[in-house]
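J.: Sharing a structure with you now.
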Amino acid sequence: MVIKVENLVKEFKEIRALDSFNLELKEGEILGLIGPNGSGKTTLLLSILGIYSFEKGDIKVFGQELKPNSYDIKRKIGYIPQDLALFDELTVYENIDYFCGLYVHDTKKRKELVKKAIQFVGLEKFEKFVPSKLSGGLARRLNIACGIAHEPELIFLDEPTVAVDAQSRNFILEGIKELNRQGASVIYTSHYLDEVEDLCDRIAIIDQGRNIITGTNEELRDSIITTEIIKFTLLEENADILKDLRNLSHVIDVTIKNSEYTVKFDNPNTNIGDIVEFIKDKGLTYLKLYTDVPSLTDVFIELTGKELRD
Amino acid sequence: MMRILTYIKYELKVFLGNYSNMFWMIAFPILLLTILTVAFSNLRFQEFKLEKASIAYHEEAFMPLYFVEAPKELPNIETLDKSSMENSLFKGRAMTKNQALDALKKDEIDAYVDKDLSLVISKNGISQIMMDEIITATKQIKSLNLPLTAFDFNRNYVENSGQKYSPIDVIFYSLFSMISLYGAYLSGSIGNRLIVRGQAVALRNAVTSTSKLRQVLISVAAGILWLLLMISTIIIYTAFILKQNFFSPDIKNIPLVLSALIFGIAWGLFLGTVIKKESLQTTAIIISLLLMSGLSGLFSHDIRLLIQRSFPLLLKMNPVAKITDELIKVNMLGNYSTLNTTIMLLLGYSIVLIGISILHIRRKKA
């Protein structure tokens, strides 16, 4: 086990930021942490990293407690903070070299690692640029390079794709997959459910300082009541049918948004035939009708009772 | 070693990339030096009259200057080596305090020694410094119950009559003292990079496998190197552009300047770690340095005199005043009597300040 968090309690004055929190990160996996702002994701990371003290609980990193002087363990860790942690006065090369040098003392080796990190994030043409001359996406890539140049075995990425264009976002996500393929275990926090769903082996849903559930995509989907979601639009919107839809068997929820009806079922078999028949019986015509399995968003909404803000 | 040099280079690059730092550290002192030189250079070189400095004394006070007031055992005046006394730099006469104050105002005397051996002066100068030292030594002899011969009558307070010293020098040396503490600007930012309180860089630094102490030491080394370079530049500028000679090639300047540099860095580190807001840190550093220098006589010699009369402890505690005094003594008077004490005081301050700062830096965030 790379990380094991047991019954962690962290309080800020009267506010309980983490409440009996449990988490495990297995070797070689990417674990996603999702939760709204203020749910406790960053607090959890900083507690694991030994920045925050905590009231109760136990945290083990590589089987040991992380103390301020646990330099052997710290050497294996890379941290990419949510905000850009760069020196505006130093160039791309110098920024990476600065942070890499805090882990790697050998000058020759460090030079190789810095070059490798620059290539990894695709900043070869910008080596001599200062961060203020880089676009938001490129600066994010530099931020990542500074955290991974020393080739850590465990990487913490705290919302690395915030305010990043699509191209850089894909580049970053592919990079994280590559780091994982090279053997790094990763903890990844994000607001973007789609990227967490695509990237992570397991996902932990965090809300109000508690770990609601941790599991693979399938395990999370299996944990909720909803089994199928059918969405359709009608030629003529008819709000009167909502009540009748709710009375159909296995229907657990019906909503209408932007003229689109969403019907959730708890029946493991497909229910599309029942919906088609229902629309015909009402003498209505559908324009579009499709069925889907619950997404991570649906899982999140059902478990926390709220939507995750982007 | 290469790694340390690389970090020193990065530290300097980060620091010098800040235009505000550049102004306060380089432009401000050079500007001030130039203005002061233009305004006061002609006053600096007025000859000091060393012949028998004129002092007045309370009739019951002057003798105790040599024999100590109400001694338990009066020394035998016949066996006392009076040759030194005859070489005394002072020409004295008894006066009441009121007469003396009047004479001081009219500049007829340089200093007045009251009954209780307290010194009253109206301006600073060699005579006043010497009187002050003699009285201090006399008091020490008295308190230790030592024989009068313990007094060093042969001591040279002034090497030669060609030495020059004027109140204007206090202003210049106060400025040099302030400059020697400029490491505060550099070290003030160290805390922001090591204590997690909002800055992402601090967060990243805090989780690395390099100890915070090591990171502090690298920054301190960078600070000292930068300051030595800056001070050398200012000395060269003063000597070759402004044509003013303030520094003698006296090796005793080195420990004094180094201890001042260390104190400056410790002061900045302390303010940078104790004060959380970055903007307030810089303000606190600027204000504290200007205040200490101002009280030491940077803006007006009269301020220093006022402090000396009303709150003498403030001058004794004020590092800039101490450094100023020592710079004057070493470079203009060749007097090292209090040099070691001042160096120890500055290093003592530094140890306390660095200790508090390191405790702050090492503390986990609650």
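J.: Mind checking which pairs have a first residue in the stretch A:66-91 that is more than 8 Å from every other protein chain (Cβ to nearest Cβ) and crowded, with 22+ Cβ neighbours inside 10 Å and a second that is charged (D, E, K, R) and assigned to a loop (DSSP other than H, G, I, E, B), Cβ under 9 Å, 6 or more apart or different chains?
T.: Within 9 Å, the pairs are A:78/A:151; A:78/A:153.
J.: Something else about it: Residue check: is residue A:96 away from every other protein chain (no Cβ under 11 Å) and in contact with a Cys (Cβ under 9 Å, 6 or more places away or on another chain)?
T.: Here the answer is yes, as residue A:96 does meet what is asked.
J.: Still on this structure, I have one more. Among the residues of the stretch A:99-107, are any of a type outside the set (S, T, N, Q), crowded, with 17+ Cβ neighbours inside 10 Å, more than 7 Å from chain B (Cβ to nearest Cβ) and in contact (Cβ under 8 Å) with a residue 40 or more places away in the chain?
T.: Looking through the stretch A:99-107, at least one residue is of a type outside the set (S, T, N, Q), crowded, with 17+ Cβ neighbours inside 10 Å, more than 7 Å from chain B (Cβ to nearest Cβ) and in contact (Cβ under 8 Å) with a residue 40 or more places away in the chain.
J.: Also, quick follow-up: Which numbered condition trips up residue B:164, out of (1) within 23 Å of residue B:28 (Cα to Cα); (2) at pLDDT below 85?
T.: Against the list (1) within 23 Å of residue B:28 (Cα to Cα); (2) at pLDDT below 85, residue B:164 comes up short only on (1).
J.: Which one of the conditions (1) over 28 Å from residue A:134 (Cβ atoms); (2) modelled with pLDDT of 90 or more; (3) at the interface with another protein chain (Cβ under 10 Å from one of its Cβ atoms) does residue A:13 fail to meet, given that it meets all the rest?
T.: All conditions are met except number (2).
J.: Next up: Out of the helices (runs of 4 or more DSSP H) lying entirely within the stretch A:141-258, which hold 2 or more residues that are of a type in the set (Gly, Ala, Ser) and at pLDDT below 90?
T.: Output list reads A:166-181.
J.: Which fully enclosed helices (runs of 4 or more DSSP H) of the stretch B:200-316 have 3 or more residues being under 21 Å from the mean Cα position of the chain (by Cα) and more than 14 Å from every other protein chain (Cβ to nearest Cβ)?
T.: B:212-236, B:253-274, B:278-296, B:301-310
J.: Out of (1) touching a strand residue (DSSP E or B) at 6+ places or on another chain (Cβ under 6 Å); (2) in contact (Cβ under 8 Å) with a residue 40 or more places away in the chain; (3) of a type in the set (A, V, I, L, M, F, W, C); (4) not in a strand (DSSP E or B), the odd one out for residue A:289 is which?
T.: The one condition residue A:289 does not meet is (4).
J.: Among the candidates B:327, B:346, B:353, B:359, which residue alone is exposed (fewer than 14 other Cβ atoms within 10 Å of the Cβ), not small (Gly, Ala, Ser) and not in a loop (DSSP other than H, G, I, E, B)?
T.: B:359
J.: Output the residues belonging to the stretch B:178-199 that are within 14 Å of chain A (Cβ to nearest Cβ) and not in a helix (DSSP H, G or I).
T.: Of everything in the stretch B:178-199, those that are within 14 Å of chain A (Cβ to nearest Cβ) and not in a helix (DSSP H, G or I) turn out to be B:189, B:195, B:196, B:197, B:198, B:199.
J.: So, of the residues in the stretch B:330-343 that are in contact with a Phe, Trp or Tyr (Cβ under 9 Å, 6 or more places away or on another chain) and either assigned to a helix (DSSP H, G or I) or within 14 Å of chain A (Cβ to nearest Cβ) (or both), which turns out to be surrounded by the fewest Cβ atoms within 10 Å (Cβ to Cβ)?
T.: Looking at the filtered set, the residue picked out is B:333.
J.: Now, a different point. Could you pull out the residue among B:213, B:258, B:271, B:227 that is farther than 30 Å from residue A:85 by Cβ and of a type outside the set (Phe, Trp, Tyr)?
T.: Step by step, each of B:213, B:258, B:271, B:227 is checked, and only B:258 is farther than 30 Å from residue A:85 by Cβ and of a type outside the set (Phe, Trp, Tyr).
J.: Using the structure shown, decide if residue A:274 is surrounded by 14 or more Cβ atoms within 10 Å (Cβ to Cβ), without any contact (Cβ under 8 Å) to a residue 60 or more places away in the chain and part of a strand (DSSP E or B).
T.: Here the answer is no, as residue A:274 does not meet what is asked.
J.: Here's a follow-up. Would you mention how many residues in the stretch B:83-127 are farther than 22 Å from residue B:329 by Cβ and modelled with pLDDT under 80?
T.: Residues flagged as farther than 22 Å from residue B:329 by Cβ and modelled with pLDDT under 80 within the stretch B:83-127 amount to 9.
J.: Within the stretch B:187-217, track down each residue that is surrounded by fewer than 18 Cβ atoms within 10 Å (Cβ to Cβ) and more than 26 Å from residue A:148 (Cβ to Cβ).
T.: The answer is B:217, and nothing else.
J.: A further question follows. For residues that are farther than 21 Å from residue A:20 by Cβ and either within 8 Å of chain B (Cβ to nearest Cβ) or surrounded by 16 or more Cβ atoms within 10 Å (Cβ to Cβ) (or both), tally how many sit in the stretch A:51-65.
T.: Qualifying residue count for the region: 1.
J.: Of A:63, A:136, A:28, which residue is within 25 Å of the chain's Cα centre (by Cα), among the small types (Gly, Ala, Ser) and within 19 Å of residue A:204 (Cβ to Cβ)?
T.: Matching residue, one of A:63, A:136, A:28: A:28.
J.: Answer with yes or no whether residue A:35 is more than 10 Å from chain B (Cβ to nearest Cβ) and surrounded by fewer than 17 Cβ atoms within 10 Å (Cβ to Cβ).
T.: Here the answer is no, as residue A:35 does not meet what is asked.
The values are calculated or read from the model by the stated rules, or taken from the named source; none is laboratory data. On a predicted model such as this, the values are computed, not experimentally measured, just so you know. Don't worry about glycine lacking a Cβ; one is built from the backbone with ideal geometry, like all the others, and counts go over all protein chains shown.
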